[in-house]
Structure formats: structure tokens, C-alpha cells
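Structure record follows, encoded as C-alpha cells.
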Amino acid sequence: MLLDLHMHSYYSVDGKGSLDRFIQNLHHVPIQFCSLTDHNTQAHHEALHKLTKAFPEIGGKLIYGIELSCQHSEFPTNEIHILAYWKNKEAPASFSGLNQLIENIQDTSQRRFDMLLENFDQRNDILSYWEKYKREILHPSIRRHPFILTLYNRSLTGSQFDHFRNKRKSLLNELILKNDGLSYPAPSEVIHTIKNAAGVSILAHPLRYNFEQAQLIALIEEFKNFGLEGLEVNDFEVQQYCERFELVATKGSDNHNLDNFGTLSHLNDLQEHFNPYAFLALLNANS
Ligand SMILES: [Zn+2]
Ligand SMILES: [Zn+2]
């Protein structure tokens, strides 16, 4: 079975591919199930739903997804991502708790950005190249545009932006530790909200947070107690955690550039123990 349950379109702040391109590519790849899991938004669901009316053969392959940001109080600078899935688009849109959660995350994201810029100005980190910046403003991301426009309106140009991007992580971590208002919701809140919205919650890319093994295992157990239902598995270690904690497994490329569907082919090589049917059964049970 060929499937990819974790991809991003230009509805993500850092995604590049258009939905038209996504649908076009779907016609060329013999994929059975796929999900666009844009960051902290449901905007892509409405757009995808419209496209599936024009291309009904694609509807059966689509799983509606979102990737939500959260923050554990013990590891505040380590952003954790929880994937949420539904069988149809009406499901997530109809839960006000989920809509409110997404709105809160988006507000926090905007506050983080504003605060970063403020602190950049104060530090006088000023440089200027226009060309690279121009490429950024033309970046085909619907969600990125307001951020870039803010930079533009504040006359921050080219290399300032590069500099901003390079220093963003360390400065952001400093700011998060000092300001409660920059916190994303806790994993417990995100997992509960997904459950209340009849979604399936999956911990995205568990090995990418750089937790020590014992720490990761403790977190998985904690999340499972909150109601987490599965782990995104791209290697044997995480597969073992699925078995140990009786969590379902999903697979995804986390592809942020939908132009390149070639990266999907490696998913054909599913590990011996990987069984996507448990996830699909959960998804069907919830809808
Ligand atoms: Zn992620
Ligand atoms: Zn992702």
C-alpha cells in the first residue's frame, strides 16, 4: 500500500505547493491514501473539498488532516507537533473547541513573530540586500504572506531577513522563556481537543525533537494517558514504541514542496511490521 499521511501545501507558513499541483500529482502517483496536514489551519480543507468535486476519483484517497503545535511545560523551547485526522472535512470544521484552539495557536504564532521583530529592532540588527528578500515576498505561501508583509512594512529588507531567520530560533527561545503569552497550548489540551472533535491524534516525527530515549518514552506514555492514539513511524525504533504502548502507526513524508511527489516512492518500502489498517480502522470508527 502506498500512502503518505503527512504533507504540507502553501496553506502552511513554510509550505510551497499549490493544491492544484497536489491534485495533478495525485493523478500520476498510484497512492491509496494521502493527507495534507497543514500547520495550525483548516483553510486547506475547504479548498481540497472543492477540488474533489471537480475530481471525484480523488475523494476516496483523501484523509483530512492538520498538524497542531504544542508546548510541554518541562520543555518550553521544544515545539511538539500533533497530527489530527478525520475522514471528512465537515467533522473538524464543526467543533468550536478545535476552531478556538487553532485560533489561539495562530494568535500565539503572530505574537511570537511581532515580539521577535520588536527585539530585532531593539538590538539594531540592521543589514540590507533586496534580492533575496524579493524572492521571499514572492514565495508562494498563502500563510507566509502576512508575515513577509509585516517585514516589508517595517522596512526590513533582504539580508536583514536572512539574519532574522538565522537568529530567530535562539532569540525566540529566549523570549519564550521570559513571556507566558508566547506559549503554545499544552499537549494535553491539544490531544483532548482533537478527541472532543472526533479526530484521531498522532504524535508527528517522534525522533525529531532530540529528546533522550528515556525522556521520549516517558512523554509517549504521558501523551497516551491523555488520549494520544498513535505515532508517526518512519523507523524501527518508533515502531517498537507503538507495539509497547499499543498505539497505531502512521507514515508520512512531511514533504513541504508538493512539486516533488517522487519522495513518496520510498513509502512503498513499508517496514515489515507496519500496518496502516489499524489507523484506518480508528479513522472509520470515529466518523
Ligand atoms: Zn512537524
Ligand atoms: Zn509537518
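We did not get these values from a lab; they are worked out from the coordinates using the rules stated. Please read all numbers here as calculations on a predicted model, not as lab measurements. Don't worry about glycine lacking a Cβ; one is built from the backbone with ideal geometry, like all the others, and counts go over all protein chains shown.
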Do any chymotrypsin sites (Phe, Trp or Tyr not before Pro) in the stretch 1-58 lie in a DSSP loop with no more than 10 other beta carbon atoms within 10 Å, and if so, which? none
Please give the per residue volume of the convex hull enclosing the alpha carbon atoms of the stretch 1-69, rounded to a whole number of Å³. 76
Quick one: net charge of Ala198's neighbours, Cβ under 15 Å, K/R +1, D/E -1? +1
Other-chain or far-sequence residues with amide H under 5 Å of Val248's (modelled H): Gly230, Leu231
Take the alpha carbon atoms of the stretch 167-221, find their center, do the same for the stretch 17-73, and report the distance between the two centers in whole angstrom. 23
